[in-house]
Amino acid sequence: MLRALTHFLTLVGGSFRDLAPIIVVVAFFQIVVLRQPPPDFAGIAVGTLFVLVGLTLFIRGLDMALFPLGHGLAFDFARKGSLFWLLTFAFALGFGTTAAEPALIAVSAEAAAAAAEAGIVAPTESARKEYAAWLRITVAVSVGLALVIGTFRIVKGWPVHYLIIGGYMLVLVMTVIAPESIVGIAYDAGGVTTSTITVPLVTALGVGLASTIHGRNPLTDGFGLIAFASLAPMIFVMAFGIVWNPG
């Protein structure tokens, strides 16, 4: 029991070191620049403690569950030797985790409200919900397809930079032809699609797959899936804007 408590306190200390920079920055501006005590100091202190403990448990959970799970899935799919099921799992993983991402739900709702104010959709609740739902589906499909492409790249050993450069060139082209009202939403969609569950699981899957396949380097071939998951939504959401509001 004492050994476990000591280990947990060591993990908490590591999390505190990670949080220390932001704590110092906030304290500096609150005390030196604003020169006033923070409102509800007790509540902030308790909340910071919760964040510290939560971050510690989250990191520990990654080490115990998500990272081993991702590596294990990669090994099992590689051993099964079925590219179809590997790519199917990659799509399902990207689609499922993205569709349920709270940040995407919030951005979609805000985008629908803004679209209603701009006259792009009817100013009714049902129209806003339909717009938000289709936007979420578009982003979820794009992330699923992005993971399919990224996984296939690992299997084939293609260099990641060619695909990323080509993708961003397409983003630039889409930025020019897409309605101005959708461009900012598309760029934000690229940042809200990688959740705290998706990132470690997808990263572990990529590294595990590269470690399992003969001739692949985990360092050069295993990473890059998250980049695809951030890039694809920008392209798909701008295409969504062209279809929904071609004018």
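Below, the figures for the structure above:
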{"read-out": "Total charge dipole magnitude, the range 48-189, about the Cα centre, Cβ charges on Lys, Arg, Asp, Glu only, Debye to nearest 20", "value": "620"}
{"read-out": "Length-normalised contact order of the range 132-247 in % [C-alpha pairs under 8 Å, at least 6 apart]", "value": "45"}
{"read-out": "Centroid-to-centroid separation of the range 204-233 and the range 1-55 [C-alpha atoms, Å]", "value": "34"}
{"read-out": "Farthest toward positive dipole pole in the chain [+1 Lys/Arg, -1 Asp/Glu at C-beta], among Pro37, Leu205, Gly94", "value": "Leu205"}
{"read-out": "Percent of Cα-Cα distances greater than 22 Å, calculated over the range 99-236", "value": "43"}
{"read-out": "Mean ellipticity per residue at 222 nm, deg cm²/dmol - from DSSP H runs of n ≥ 4 across the chain, formula -39500 (n - 2.57)", "value": "-27000 deg cm²/dmol"}
{"read-out": "For the chain, the fraction of alpha-carbon pairs in successive 10 Å shells from zero, as %", "value": "7, 24, 25, 25, 16, 3, 0"}
{"read-out": "Relative contact order of the range 56-208, defined on C-alpha pairs under 8 angstrom at six or more residues apart (%)", "value": "43"}
{"read-out": "Extension reserve of the Ile44-Asp18 stretch, reckoned as 0.36 nm per residue once the Cα distance is removed", "value": "7.6 nm"}
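Taken together, the values in this text are just the output of simple stated rules run on the coordinates, not laboratory data. Computed from a prediction, not measured in an experiment: that's the story for all the values here. All Cβ positions, even for glycine, are placed from backbone atoms using ideal geometry, and neighbour counts span all protein chains on display.
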